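A.B. asks: I have a structure here, written as structure tokens, and I will follow up with some questions on it.
Read-outs throughout are calculated quantities, based only on the coordinates presented, and are distinct from any laboratory measurement. What you see is a predicted model; the values in this text were computed from it and never measured.
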Amino acid sequence: MMQSVTMIPIGTVRSTRTVAEDDDWDSVASSIELDAEQFTGEAFAGLDTFSHVEVVYLFDRVDADKIETGARHPRNNVAWPKVGIFAQRGKNRPNRIGTTVCRIDRIDGLRVHVTGLDAIDGTPVLDLKPWVCEFGPRGEVRQPVWMDKLMRGYWSAR
């Protein structure tokens, strides 16, 4: 058996969206507020020189009995193929960890304001990393057609 891991969130998502919905995340105003007991504004020093930040967060409102370990239809849509949990980005993941690359709008004290964060208000943030081009995909990128369809409207209403 693998050993357990304990993490302490570094901060919290502040968002106008309080319910998880599947689409139009670019219209949502969000920020990440660092925990003032752990950090000062110095933790953000230099982050403003990057255009994007990768946010690692916990899907804390997913009930343990809803966690998927096998295959399912994405968004429960039977028109899309049944695929394993590691072939999709659904929130009902074994460790409930989400990641999103967001545009940095501004930094204000202990808050970084972002666009494109698909996490709801109160979500615990586990880590922040500047987006570095060299950590992006190398070589050709491909994905199945069903994923193209699933992602239509995810970031903006279309």
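A.B. asks: Would you kindly derive the ³J(HN,Hα) couplings of the stretch 93-101 from the backbone phi angles with the Karplus curve 6.51 cos²θ - 1.76 cosθ + 1.60 (θ = phi - 60°), listing them in order in whole Hz, with x for Gly and Pro?
C.D. replies: The phi angles translate into 7, x, 9, 6, 9, x, 9, 8, 8 Hz.
A.B. asks: Using just the helices of the chain, give the 222 nm mean residue ellipticity in deg cm²/dmol: DSSP H runs with n ≥ 4 each add -39,500 (n - 2.57), and the total is spread over all residues, rounded to 500. Intermediate results must be reported in sequence, preceding the final value.
C.D. replies: On the way: 1 runs with 7 residues, N = 158.
Taking each H run of at least 4 residues, the total per residue is -1000 deg cm²/dmol.
A.B. asks: If the elastic network links every pair of Cα atoms under 10 Å, which of S51, S31, S15 fluctuates the most in the Gaussian network model of the chain?
C.D. replies: S51
A.B. asks: Students often forget the sequence filter, so: which aspartates and glutamates lie under 18 Å Cα-Cα from K129 once same-chain residues fewer than 8 apart are removed?
C.D. replies: Counting by Cα, and skipping residues close in sequence, K129 has these aspartates and glutamates nearby: E33, D35, E42, D48, E54, D105, D108, D118.
A.B. asks: Tell me, what are the semi-axes, in whole angstrom and largest first, of the equivalent ellipsoid of the stretch 11-151 as set by the roots of 5 times the Cα gyration tensor eigenvalues? Walk me through the numbers before you get to the answer.
C.D. replies: Working: eigenvalues 160, 67, 37 Å².
Semi-axis lengths for the stretch 11-151 are 28, 18, 14 Å.
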